[in-house]
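Okay, structure first, notes after.
The values are calculated or read from the model by the stated rules, or taken from the named source; none is laboratory data. Everything quoted here is computed from the prediction, not taken from an experiment. For neighbour counting, all protein chains shown are included, and Cβ atoms are generated from backbone atoms with ideal geometry for every residue, glycine included.
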Amino acid sequence: MDILLAIHILISVCLIVLILIQTQKEQGVMGLFGQGSSSSSSQRGLGSEESLKIWTKRVAILFVCSSLLMAFLQPLS
């Protein structure tokens, strides 16, 4: 169960990072640090945006699966 918990935490951190590095409508995570949307959107192509979206969906599915697995494997006390 400890290994599953460690994997779940790792998946959680990866999901948070993937969500934060994606750009929003006008600003991404770079807007939090004072940079405008023009610098963050011009450095990243459309292909990398789509790739980030795909990886975010995959990691989110892994997160849900690991959450359900942990819930089912937890002993009832």
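Table for the structure above
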{"read-out": "Output for the range 40-77, where each listed residue is at pLDDT below 70, surrounded by 12 or more Cβ atoms within 10 Å (Cβ to Cβ) and among the hydroxyl-bearing types (Ser, Thr, Tyr)", "value": "SER40, SER41"}
{"read-out": "Residues satisfying the stated conditions in the range 1-31, i.e. of a type outside the set (Gly, Ala, Ser), in contact with a Leu (Cβ under 9 Å, 6 or more places away or on another chain) and at pLDDT below 60", "value": "VAL29"}
{"read-out": "Pairs, first over 16 Å from VAL17 (Cα atoms) in the range 58-77, second modelled with pLDDT under 95 and surrounded by 10 or more Cβ atoms within 10 Å (Cβ to Cβ), C-beta under 9 Å, six or more apart", "value": "SER66/LEU4; LEU69/LEU4; MET70/LEU4; MET70/LEU5; LEU73/LEU4"}
